[in-house]
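A.B. asks: Once you've had a glance at the structure underneath, I'll fire off some questions.
Read-outs throughout are calculated quantities, based only on the coordinates presented, and are distinct from any laboratory measurement. Because the structure is a prediction, the values reported are computed rather than measured. Here Cβ is always computed from backbone atoms with ideal geometry, including for glycine, and neighbour counts include all displayed protein chains.
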């Protein structure tokens, strides 16, 4: 009997398959992508793979600073990971984005892109660089100057000489290295979140809180206060109204236009709140300047407050033995994260100057860690009728005695409307304030640049750049593909 049951079951299977074949073409589901094994980063921020090679900065003192980018050896171009349309991550090359919008026609139907890169990137949520993206080749050059517009009710001509191109064909996602997100096994509560590439490459993304089941970021309401790993993204909480006077019934909502926030923060109360369901956003909001109409569709309900120390403590430290050191963040569990250098919280630290610094091309053409200064700032005014000599003022009207009286001035050369190269000069400020005619940059109706006499007045003192601060005062870095 056992043999007969086996034969009968086999006949049924054969008949079923045959019936499917006779009944028409069989529908097949797309095969899932091959699984990717977790990559052991061994505490490093990046790891090279068979195809992707990690890019980093190496100082003359031996400090290695990860650029959190890769060089794609198959495509011969640099790339960085972003979310693809299938939800996985791909190492996409640099591309111009779809925000702000530019159109070649008056009805704003045919979108064009400034030809600064070979590719254009369209996000599912315009303006949100962490949204899912599609990559396109750039096509033909457009005739005439396109118009910039957020909507077609108001637009401005672009600058002469800018080169815009129409969108071309879609570049398939599978042409780029795929990666999946996961967490490292180390750590009881706080672990590191990372990407593991199909070629064996890896990239550290940040911290992950096991208890909260969410990524988290170091946070405090006061800059120099102890940090805790708060679930991210963290959205600001504001007050919204139905009436244009902001005098009627109000509601508190947390808003993040790009991602679903996990926590809300009230800067006025200096409190954190859990968030609830998605809610329709009323049309008006109050701020220090009054009641204003807002552009948004939804926010998130504000629930119970949460104390900051509910979340795991994070220590900020510096690594390196030389003059320039790198800031890192560490949990009590031993998880260490090198913050993203694109974000404002990431700074290298110059021990000799006692100041944060950032890697930039210096006036001698070398990359150096130039100081980040908070005192002197450019007033958008100039001392000459070519608008080339900047006028500088002190924040708050007084010099900052905790930093040198220097001014950083970045000169950018453009090609086809794109920033082709830039060099940053460091100057001492002139000893005496400037007392001559001031000038301001403007443009004519066709977008041609103008330098006009400034007819306004200023209550504070302004200064011109003085002597150069020589580039060899700052530590040199070299960009390397590992």
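A.B. asks: PRE reach from residue 473 (point 7 Å along Cα→Cβ): which of the range 357-401 fall under 11 Å by backbone N?
C.D. replies: The answer is 371, whose backbone nitrogens lie closer than 11 Å to the label point.
A.B. asks: By average Cβ neighbour count within 10 Å, what is the ranking of 451-457, 47-53, 423-429, 238-244 from highest down?
C.D. replies: 47-53, 423-429, 238-244, 451-457
A.B. asks: On to the next question. For a Förster distance of 56 Å, can you work out the FRET efficiency between the beta-carbons of residue 225 and residue 140, rounded to the nearest 0.05?
C.D. replies: For R0 = 56 Å, the calculated efficiency reads 0.55.
A.B. asks: So how do 265-275, 289-299, 211-221 stack up, highest first, on mean other-Cβ count within 10 Å?
C.D. replies: Going by the mean number of other Cβ atoms within 10 Å, highest first, we get 211-221, 265-275, 289-299.
A.B. asks: Compute the angle between helix 2-23 and the longest alpha-carbon principal axis of the chain, please, reported from 0 to 90 degrees and rounded to the nearest 10.
C.D. replies: Taking Cα atoms only, the helix is inclined about 60 degrees.
A.B. asks: For Rg and Dmax of the Cα atoms in Å, the choices are (i) 27.6, 109; (ii) 36.7, 124; (iii) 22.5, 67; which was calculated from the structure?
C.D. replies: Answer by label: (i).
A.B. asks: So, R0 is 30 Å and r is the distance between the beta-carbons of residue 358 and residue 443; what FRET efficiency does that work out to, to 0.05?
C.D. replies: About 0.50, to the nearest 0.05.
A.B. asks: Right, another one. Before anything else, pin down the relative contact order of the chain: Cα pairs under 8 Å, at least 6 apart, normalised by residue count, whole percent.
C.D. replies: Worked out over the chain, it gives 12 percent.
A.B. asks: Quick check: the distance between the Cα centres of the range 447-471 and the range 388-418, to the nearest angstrom?
C.D. replies: The range 447-471 and the range 388-418 have Cα centres spaced 9 Å from each other.
A.B. asks: Assuming 0.36 nm per residue, please report the length gained on full extension of the stretch residue 389 to residue 313 beyond their Cα-Cα distance.
C.D. replies: Extra length available between residue 389 and residue 313 comes to 22.7 nm.
A.B. asks: Based on the Cβ-Cβ distance of residue 292 and residue 173, what FRET efficiency does E = 1/(1 + (r/R0)^6) give at R0 = 60 Å, to the nearest 0.05?
C.D. replies: 0.90
A.B. asks: Compute the Cα gyration tensor for the range 213-310, then decide on rounded, prolate or oblate, letting a ≥ b ≥ c be the square roots of its eigenvalues: rounded whenever a/c is under 1.5, prolate when a/b is larger than b/c in the other cases, and oblate in all that remain.
C.D. replies: Note, shape of the range 213-310 comes out prolate.
A.B. asks: Let me ask something else. Could you work out [θ]222 nm for the chain from helices alone, using -39500 (n - 2.57) per DSSP H run of at least four and dividing by all its residues? Round to the nearest 500 deg cm²/dmol.
C.D. replies: -1500 deg cm²/dmol
A.B. asks: For the residues 119, 300, what sequence is obtained by ranking on other C-beta atoms within 10 Å, fewest first?
C.D. replies: 119, 300
A.B. asks: Arranged from highest to lowest average of other beta-carbon atoms within 10 Å per residue, in what order do the peptides 194-203, 437-446 appear?
C.D. replies: Per-residue Cβ counts within 10 Å, averaged per peptide and sorted highest first, yield 194-203, 437-446.
A.B. asks: Using Cα centres only, tell me the gap between the range 272-308 and the range 184-246 in whole Å.
C.D. replies: So the separation of the two Cα centres works out to 19 Å.
A.B. asks: On to the next question. In whole Å, what three semi-axes, largest first, describe the equivalent ellipsoid of the range 367-443 built from its Cα gyration tensor (square root of 5 times each eigenvalue)?
C.D. replies: Semi-axes, largest first: 23, 19, 10 Å.
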